[in-house]
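Single-structure report; data block below.
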Amino acid sequence: MRYISTRGGAEELSFEDVLLKGLATDGGLYVPKVWPQISLTELEGFVGLDYQEIAYRVMKPFIDKTFSSGDFRNMINVAYSSFNHDDVCPLKELSDSHFLLELFHGPTLAFKDVAMQLIGQMFDQLLKNGNSRITVIAATSGDTGSAAMAAFKNSSYADVFILFPEGRISEVQRRQMTTMDRSNIYPIAVAGDFDDCQALVKAMFNDSQFKDKVNLTGVNSINWARVMCQITYFFYAATALGAPKETVSFSVPTGNFGDIFAGYVAKRMGLPIDRLVIATNENDILNRALETGIYRKEHLMKTMSPSMDIQVASNFERILFESLDRRGEKVNELFDKLNIDGGFVLDSETLKRLRVDFSSCSVSEERTAVTINSVLKSHGRLVCPHTAVGISAAQKFSRIGTKMITLATAHPAKFPEAAKIASNIIPPLPKNYEDIYLKKETLIQSTKNLADVKEIISERIDR
Ligand SMILES: *Cc1c(COP(=O)(O)O)cnc(C)c1O
């Protein structure tokens, strides 16, 4: 499989290079040159398989010959042995037509582990054969950071720098990063919001001198491998609930558009999905774009679902590329406009195409709290605020005869503040995190100035 850039101006790469490089040299994102197809017969064969086997079959065409079959199977098994549920991502029933897909049984209690644990394995496999050392730099709205740290904490080949918006993530999220206590792991508290952190990371990627000097690698969802690892659970959940005979819909709590784009890819590969519901909190740029065609940044709001407090959704670029018939020059034009004017307008044809696959809904803070409460009362289940946003949006788009699957993206104990406000319950943390409030925190503070961040990083890796 070869990979091409969404802006049409970068060289084609292999999976290995896409994994290691992350962002394309023209500022675009890599996508596969063609979407591999999974036939109806193959899909029927998925029924009853375990998560690891489905993962292998779904991802094999994307990784091509980068890893041998035996190695790849082994990496998948090691990655998901860190999950504390036998099903890896279990399905739970809310009603006979609405299900939760729990993606938070990995080491850092959010869905980011599903991709990151496997990415850690893939990096180690590639790096142990060469003698290079890499620098992983990522921005986090709360969950990517700890997931990346957990994936690389035992690596002898990687230094990991995570930029997070100071004061804008939950205390548990922060402590998961600042109490990691490893000499190759560096949490950086940036005086800014997530979009500032994301812009800093992008700027470092676009600085080829710096990039080469530190051997920079990205594991944000701009890295194709992240999205790829997430495709699996759409297949896993849908086939467990009757696909390919039945068509299902998904409601996806959305920030950077990575997770829901993985659902779109599953559909393009042949999985019968009816609606992909983009569920956003009050930071609703995607909902506004779907409703009006206008994609425009607004003031970023702090909500009880901080992992979705994002204005510029990086992976939206990938779906625009598809909706624009893969015309990279068009995507380029739009993103130039975004940089200069702070927004762009989609033409009616593109908008129509987006609406074929996607529905959208923005859920208010009040509605989120009400949903947490009502799910607790009627099902005895406490959900995290992101999941509540997904459930609320799902309710709006439920259709008789089509099962709806809401992605449960994080463990409720990661957001005790939200649980307390909504339901007056403080969910207990799983055993391995019981002492998290007692541990000493270590972090680096930085301004949102690019030069400062670069200096912090350069100082700590001397080569
Ligand atoms: C990252 C995250 C999201 C948003 O996922 P995207 O891929 O950025 O759209 C939603 N919920 C939780 C808990 C997350 O950590």
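Within the range 338-369, can you find the residues that are of a type in the set (Lys, Arg) and touching a residue at least 40 places away in the same chain (Cβ under 8 Å)? Correct list: ARG355 only. Against the test of being acidic (Asp, Glu), more than 16 Å from the ligand (Cβ to nearest atom) and either more than 21 Å from the chain's Cα centre (by Cα) or surrounded by 15 or more Cβ atoms within 10 Å (Cβ to Cβ) (or both), the options ASP357, ASP341 yield a single qualifying residue, ASP341. Whenever a residue of the range 311-337 is in contact (Cβ under 8 Å) with a residue 24 or more places away in the chain and of a type outside the set (A, V, I, L, M), its partners that are more than 16 Å from the ligand (Cβ to nearest atom) and part of a helix (DSSP H, G or I), lying with C-beta atoms within less than 6 angstrom and at least six residues away or across chains, give the pairs PHE321/VAL331; SER323/THR350; SER323/ARG353.
Condition test on VAL277, is it within 30 Å of MET59 (Cα to Cα), in a strand (DSSP E or B) and among the aliphatic types (A, V, I, L, M)?
Working: within 30 Å of MET59 (Cα to Cα): yes; in a strand (DSSP E or B): yes; among the aliphatic types (A, V, I, L, M): yes.
Yes; evaluated as a whole, the condition is true for this residue.
Evaluation of ILE4 against the conditions (1) of a type in the set (Val, Ile, Thr); (2) in a helix (DSSP H, G or I); (3) closer than 30 Å to LYS337 by Cα shows that the sole unmet condition is (2).
Listed by position, the helices (runs of 4 or more DSSP H) contained in the range 363-463 that have at least 2 residues being within 23 Å of PHE104 (Cα to Cα) are 365-379, 385-397, 416-423.
Screening the range 289-310 for residues that are free of Cβ contacts under 8 Å to residues at least 24 places away in the same chain and closer than 24 Å to ALA388 by Cβ and picking the one that is nearest to the ligand (Cβ to nearest atom) gives MET301.
None of ALA238, ALA279 is modelled with pLDDT of 95 or more, small (Gly, Ala, Ser), crowded, with 24+ Cβ neighbours inside 10 Å and away from the ligand (no atom under 14 Å from the Cβ) except ALA238. The residues in the range 101-139 that are in a helix (DSSP H, G or I) and either more than 16 Å from the ligand (Cβ to nearest atom) or aliphatic (A, V, I, L, M) (or both) can be counted, and the count is 13.
The values are calculated or read from the model by the stated rules, or taken from the named source; none is laboratory data. Computed from a prediction, not measured in an experiment: that's the story for all the values here. Ideal geometry is used to build each Cβ from the backbone, glycine not excepted, and the neighbour counts take in all protein chains shown.
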